[in-house]
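Report on one structure; see the data block that follows.
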Amino acid sequence: PFVQVMEISEKPTEYSYEDIGGLEEQLQEVRETVELPLLRPELFEKVGINPPKGILLFGSPGTGKTLVAKAVANATNATFIRIIGSELVQKFIGEGARMVRELFEMARNKTPAIIFIDELDAIGSKRLQVATSGDREVQRTLMQLLSELDGFNNRGDVRIIGATNRPDILDPALLRPGRFDRLIEFPPPNEEARIKIFEIHTKSMNLDKKAKNFKNYISSTEGATGAEINAIVMEAGMFAIRRESDIISFADFQKAITKVIKGSKKSHARFE
Ligand code: ATP
């Protein structure tokens, strides 16, 4: 049952730093706290400081949190173990705590390793009133996570990255020193970053000259995330195919932007 809830890649090579547009400061912080302790632990020993144990990436869905975590794992040749908080509590009722224990055990057996806990809020939201047995189960899972975090050495070669869209609802116990005590915000990409992301995602695509002038898309993609730009590029390709053309045009991009941006506005409105 384990494999359903965990994604494990021995040496992930899917993404590297060149695949990330913008996020320069975020990447630098993640590299200093995750990559450097794995690659050059002696630096921390000599200076006599402990790198932070856990870092927490927060920001809207699709802003590149998973992307950055995978790229760092690639750069360090670490085993990458990803677990999704909501799946852990929904699929493994009564077994969440055991899963967390096994997760850390597996990481210790496959060092260097990076544990990536996505949707951390699903197991670590503020304790309101623990009412149902389901709440108590989530509670036990969280307690196990806290005890695993406290139990291991920060200079070791297991690093932990958490991610959430809702840092405001996290249990403060998770954010205490020695746990997820470094917070890194992932904002939507600015103009320059959006152009970079368009460049990255169209690298192997066939675009005409006007379509390639990504400056033209800046104003209509204000507020769009990296994931939405990725979707726009894919949709533009679909519009070209529909015209039975093998070159993507500016008009294809315009239609794709309307489709993706409008679609996302509608879906956001539904949740508000
Ligand atoms: P979630 O909260 O939904 O897990 P996330 O922040 O982890 O979201 P990612 O899975 O990293 O989002 O992003 C989804 C996809 O969007 C990436 O695989 C990538 O194709 C694209 N993407 C997002 N941000 C960027 C970026 N800064 N540069 C290039 N591509 C990006």
Exercise. Is there a residue in region 98-111 that is surrounded by fewer than 22 Cβ atoms within 10 Å (Cβ to Cβ), within 11 Å of the ligand (Cβ to nearest atom) and of a type in the set (A, V, I, L, M)?
Worked result: no
Seminar exercise, completed: Only one of (1) surrounded by 17 or more Cβ atoms within 10 Å (Cβ to Cβ); (2) touching a helix residue (DSSP H, G or I) at 6+ places or on another chain (Cβ under 8 Å) does not apply to residue 33, and that is (2)
Problem set entry | From 231, 211, 224, residue being under 15 Å from residue 21 (Cβ atoms) and assigned to a loop (DSSP other than H, G, I, E, B) | 224
For this session: Report whether or not residue 78 is modelled with pLDDT of 85 or more, within 14 Å of the ligand (Cβ to nearest atom), among the small types (Gly, Ala, Ser) and surrounded by 24 or more Cβ atoms within 10 Å (Cβ to Cβ).
Result: no
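Here is a list: 61, 52. Which entry is more than 17 Å from the chain's Cα centre (by Cα), outside any helix (DSSP H, G or I) and of a type outside the set (Lys, Arg)? Don't jump to the end; show me each part of the working.
Values: 61 fails: more than 17 Å from the chain's Cα centre (by Cα).
Matching residue, one of 61, 52: 52.
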Exercise. Which numbered condition trips up residue 220, out of (1) of a type in the set (Ser, Thr, Tyr); (2) more than 18 Å from residue 260 (Cα to Cα); (3) more than 16 Å from the ligand (Cβ to nearest atom)?
Worked result: (2)
For this session: Would you mind stating whether residue 134 is at pLDDT below 90, small (Gly, Ala, Ser) and part of a loop (DSSP other than H, G, I, E, B)?
Result: no
Exercise. Looking at (1) in a helix (DSSP H, G or I); (2) hydroxyl-bearing (Ser, Thr, Tyr); (3) modelled with pLDDT of 90 or more, which is the one condition that is false for residue 141?
Worked result: (3)
Problem set entry | Within region 48-65, tally of residues that are surrounded by fewer than 18 Cβ atoms within 10 Å (Cβ to Cβ) and within 12 Å of the ligand (Cβ to nearest atom) | 2
For this session: Kindly establish whether residue 226 is touching a helix residue (DSSP H, G or I) at 6+ places or on another chain (Cβ under 9 Å), within 11 Å of the ligand (Cβ to nearest atom), closer than 30 Å to residue 160 by Cβ and of a type in the set (Gly, Ala, Ser).
Result: yes
For this session: Determine, yes or no, whether residue 45 is within 28 Å of residue 229 (Cα to Cα), among the acidic types (Asp, Glu) and away from the ligand (no atom under 14 Å from the Cβ).
Result: no
Seminar exercise, completed: Scanning region 167-204 for residues that are free of Cβ contacts under 8 Å to residues at least 60 places away in the same chain and either assigned to a loop (DSSP other than H, G, I, E, B) or at positive phi (or both) gives 171, 176, 177, 203, 204
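The values are calculated or read from the model by the stated rules, or taken from the named source; none is laboratory data. This one's a predicted model, so the numbers in the text were calculated from it and none came from an experiment. A quick note on method: Cβ atoms are made from the backbone with ideal geometry, for glycine too, and the neighbour counts reach across all protein chains shown.
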